[in-house]
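Just below is one structure, and these are the notes that go with it.
Since every read-out is calculated from the coordinates, none of them should be taken as a lab result. Because the structure is predicted, anything quoted here is derived from the model rather than measured. When we count neighbours, we look across all protein chains shown, and the Cβ atoms used for this are built from the backbone with ideal geometry, even at glycine.
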Amino acid sequence: MTAFIYVSHPQVRIDPAIPVPDWPLTDVGRARAHAFARWAKLGAYGRIVASLEVKAQETAQIFGAALGIPVEARRDMHENDRSATGFLPEPEFQSVADAFFAQPQESVRGWERACDAQARIVAAVGAALAEQPGTPAIFVGHGGVGTLLLCHLSAAPISRAYDQPPVGGGCWFESRRPDRWRAMEEIA
């Protein structure tokens, strides 16, 4: 398999009046993305492939500008479909997210099933890699489907135990070492 890094978008401006896919990055999120984009190791990657959601596009554009690489947008890389509930206050969101991971074969409150979201993100990443075999890629997306991808790559069952650390998003993992998420600041 061609090597890749999967990066989740960092902090977003939460606005219940705006659809979740349209939320932009905060100033903190943009600053974290700019700092990560300066990591010398990213220069080894020849492609940037991102979700169509605004927060992922903004993150990918920061990386693209720093690396001089255009961003490829992919429809199937979106976060797990939560449109059935829309915005949920944080405690309620966390409760439903817990159930999403704990019951991967079931639709929790109308959300996309975790098993379906996992199949979708695995297929999207695989299809993108197959288009340019041998070209290492940076995938920019979301924490939920990123966790499902990490579980798949590490042959682990779907579980929130593999979720990002609580740093506001902005985490990454390598396909060749999908043992855990690392915060953007954890680069070596």
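Assorted remarks:
- Strands (runs of 3 or more DSSP E) fully within the range 1-103 counting 1 or more residues that are touching a residue at least 40 places away in the same chain (Cβ under 8 Å) and of a type in the set (Phe, Trp, Tyr): 4-8
- Residues of the range 1-28 satisfying the condition of being of a type in the set (A, V, I, L, M, F, W, C) and either under 24 Å from GLU131 (Cα atoms) or in contact with a Phe, Trp or Tyr (Cβ under 8 Å, 6 or more places away or on another chain) (or both): MET1, ALA3, PHE4, ILE5, VAL7, VAL12, ILE14, VAL20
- Residue that is nearest to LEU149 (Cα to Cα) [pool: residues in the range 80-110 that are among the acidic types (Asp, Glu) and touching a helix residue (DSSP H, G or I) at 6+ places or on another chain (Cβ under 9 Å)]: ASP81
- For ILE138, the conditions (1) under 14 Å from the mean Cα position of the chain (by Cα); (2) more than 21 Å from PRO166 (Cα to Cα); (3) part of a helix (DSSP H, G or I) all hold with the exception of (3).
- Among (1) touching a Gly at 6+ places or on another chain (Cβ under 7 Å); (2) in contact (Cβ under 8 Å) with a residue 24 or more places away in the chain, the one test that ALA183 misses: (2)
- Every residue from the range 163-179 that is surrounded by fewer than 14 Cβ atoms within 10 Å (Cβ to Cβ) and either in a strand (DSSP E or B) or small (Gly, Ala, Ser) (or both): ARG177, ASP179
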